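A short worksheet on the structure shown next.
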Amino acid sequence: MTIIWDHDPEAAETYRIALGGDVVQLQAGPRVSRALEQDASHDLVVIGPDIPLDDACEVAERARVDHPALGVILLRHRLEVGALAQALRSGVREVVQADDQRALADAVRRSAALTVQLSGHLPGSGGAEGKVITVFSAKGGVGKTTLSTNLAAYLASTGATTLLVDLDLMFGDVAISLQLQPHSSIHDLVAMRGHLDAQGLESVVTVHEDSGLHVLAAPADPSDADRVPSEVVLELLRVARSTYTYIVVDTPPSFTEHVLAAFDVSDLNLLIATLDIPAVKNLRVAINTLDALGAAREARRVVLNRADTKVGLSANDVETALKQQIAASVPNSLTVPASVNRGVPIVLHEPRGPVALAIRELGDHEIRQRFGEVLPNGTKRSFSLLRSIR
Ligand SMILES: Nc1ncnc2c1ncn2[C@@H]1O[C@H](COP(=O)(O)OP(=O)(O)OP(=O)(O)O)[C@@H](O)[C@H]1O
Ligand SMILES: [Mg+2]
């Protein structure tokens with residue numbers, strides 16, 4: 001959790017998007033020190049521009065000894081060399097101009113990555129291979145892109161290097177839903193076939209600045225989809241594993257050769273269901289197909305999207321029809337299409353809303369914990385959402 005230490009009671013709101021995640025605001029220095037002593041799960045303290053420099057440096061100096069993985073970012077109205085030097089000497093990680101939200105978001109992300117490295121908790125950081133998570137449903141419009149985009153943005157915002165691949169090669173809308181204008185696409189990898197390396201992959205990704213997420217977009221021209229052989233997808237995912245901690249794959253609503261290639265190497269398949277008979281029927285067929293392909297059942301999780309829609313079908317009905325438990329439920333909310341139209345993932349725009357909470361919980365427990373990340377103590381599993389919408 002992030003602490004914002006600021007006299008201005010509106011500070012948490014002012015810096016909300018740049019800070020992302022859970023933020024607690026404290027106005028007095030002694031309360032900050034006490035909070036750090038009592039709860040070791042804090043990973044960042046952002047110190048407001050009106051907090052005296054000496055007080056800020058004192059907290060940073062103490063934190064450097066007591067909580068070496070804790071990040072301290074100092075906001076100042078103006079950047080002055082003297083203050084900068086004093087702050088950095090005391091252990092402050094970065095000093096950022098208070099009105100530069102973009103710079104703050106970047107600093108928060110760098111700090112999160114460093115904290116994770118110092119804590120030594122991240123799979124992939126010790127040479128382990130990154131994990132491929134494929135998000136699929138055999139029916140269109142159930143929320144694959146919404147969930148894959150938000151999950152990937154959330155994972156990236158925790159400091160994990162994350163790539164989101166748009167395998168909906170004909171009608172992919174990952175880039176547009178993040179308001180990105182990609183200069184390249186997966187089609188550009190065809191020319192590097194057989195000798196793709198990390199640098200080649202990096203040259204075709206587009207960075208989503210707000211979250212740090214890397215995105216490999218679908219071709220701008222749908223007719224290029226046929227020109228991407230499935231071997232390119234396999235090669236791409238193999239190279240991506242050596243570079244990224246998590247690779248999230250968004251898919252079209254059908255078993256294309258590209259989707260099958262992704263399934264072949266996935267560490268986790270998230271199958272999206274909604275409360276309607278065609279979606280459940282199609283998912284049942286998809287599960288049968290995965291069984292026939294020999295895909296591991298332990299690497300499969302069903303996620304119920306728009307789970308509180310009142311349409312006469314219940315979560316229990318879905319579980320019975322699929323013969324599979326629902327691992328996570330994401331509620332229905334008008335904030336989802338609104339966030340897509342705004343081009344800001346809901347996990348960043350409204351991190352405490354019920355949709356973001358459900359997606360973050362899915363990310364924490366089905367992805368981060370599953371693949372060996374040790375989450376801070378404060379990250380506890382809560383079934384309340386799931387229960388309340390069943
Ligand atoms: N939890 C939700 N609450 C409300 N609306 C949602 C929710 N999830 C998705 N939507 C909306 O449903 C529509 C379809 O979502 P999305 O594009 O993510 O589905 P998809 O499965 O990727 O579709 P396609 O198969 O066409 O690629 C979008 O307008 C999205 O905003
Ligand atoms: Mg989609």
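Would you confirm, using the coordinates I've provided, whether Ser254 is in contact (Cβ under 8 Å) with a residue 24 or more places away in the chain, polar (S, T, N, Q) and open to solvent by 20 Å² or more (accessible area, probe 1.4 Å)?
Yes; evaluated as a whole, the condition is true for this residue.
Considering Val23, Val92, which residue is touching a residue at least 12 places away in the same chain (Cβ under 8 Å) and either closer than 30 Å to Ala358 by Cβ or open to solvent by 50 Å² or more (accessible area, probe 1.4 Å) (or both)?
On the way: Val92 fails: either closer than 30 Å to Ala358 by Cβ or open to solvent by 50 Å² or more (accessible area, probe 1.4 Å) (or both).
Unique residue meeting the criteria: Val23.
Among Val165, Val135, which is the only one that is at pLDDT 95 or above, among the aliphatic types (A, V, I, L, M), under 22 Å from Val336 (Cα atoms) and in contact with a helix residue (DSSP H, G or I) (Cβ under 6 Å, 6 or more places away or on another chain)? It would help to see each step written out before you state the result.
Working: Val165 fails: in contact with a helix residue (DSSP H, G or I) (Cβ under 6 Å, 6 or more places away or on another chain).
Sole residue among the options that is at pLDDT 95 or above, among the aliphatic types (A, V, I, L, M), under 22 Å from Val336 (Cα atoms) and in contact with a helix residue (DSSP H, G or I) (Cβ under 6 Å, 6 or more places away or on another chain): Val135.
Quick one: is Asp226 at pLDDT below 95 and either more than 22 Å from Val142 (Cβ to Cβ) or in contact with an Asp or Glu (Cβ under 6 Å, 6 or more places away or on another chain) (or both)? Please lay out each step first, then the result.
Numbers: at pLDDT below 95: yes; either more than 22 Å from Val142 (Cβ to Cβ) or in contact with an Asp or Glu (Cβ under 6 Å, 6 or more places away or on another chain) (or both): yes.
Answer is yes for this residue.
Scan the helices (runs of 4 or more DSSP H) fully inside the stretch 276-348 and keep the ones with 3 or more residues being crowded, with 18+ Cβ neighbours inside 10 Å, modelled with pLDDT under 90 and near ligand 1 (Cβ under 10 Å from one of its atoms).
none
Write out, first by first residue and then by second, each pair whose Cβ atoms fall under 9 Å of each other, whose residues are 6+ apart or on separate chains, and whose first residue, in the stretch 334-359, is polar (S, T, N, Q) while the second is part of a loop (DSSP other than H, G, I, E, B) and within 16 Å of ligand 2 (Cβ to nearest atom).
Going by the 9 Å Cβ cut-off, the qualifying pairs are Ser339/Pro345.
Since Val259 meets every condition but one in (1) touching a Pro at 6+ places or on another chain (Cβ under 8 Å); (2) farther than 27 Å from Ser157 by Cα, which condition does it not meet?
It is condition (2) that Val259 fails.
So which residues in the stretch 161-174 are away from ligand 1 (no atom under 13 Å from the Cβ) and open to solvent by 10 Å² or more (accessible area, probe 1.4 Å)?
Within the stretch 161-174, Thr161 is the sole residue that qualifies.
For Leu104, which of the numbered conditions (1) modelled with pLDDT of 90 or more; (2) assigned by TED's automatic domain parsing to the domain that holds His42; (3) in a loop (DSSP other than H, G, I, E, B) fails to hold?
Single failed check for Leu104: (3).
List pairs: first residue in the stretch 136-153 and among the aliphatic types (A, V, I, L, M) and near ligand 1 (Cβ under 7 Å from one of its atoms), second residue open to solvent by 10 Å² or more (accessible area, probe 1.4 Å) and part of a loop (DSSP other than H, G, I, E, B) anywhere in the structure, Cβ distance under 7 angstrom, at least six positions apart or on different chains.
Every condition considered, the pairs that remain are Val142/Thr274.
For the stretch 189-210, check the following and say yes or no: at least one residue is closer than 20 Å to Asp43 by Cβ and in a loop (DSSP other than H, G, I, E, B).
yes
The values are calculated or read from the model by the stated rules, or taken from the named source; none is laboratory data. All figures in this text were calculated on a predicted structure; none of them were measured in a lab. Note that we place each Cβ from the backbone using ideal geometry, even for glycine, and neighbour counts take in every protein chain shown. Ligands, DNA and RNA are stripped out before the accessible areas are found, and what is left, the full protein with its side chains, is counted by its heavy atoms. Shrake-Rupley method; radii C 1.70, N 1.55, O 1.52, S 1.80 Å.
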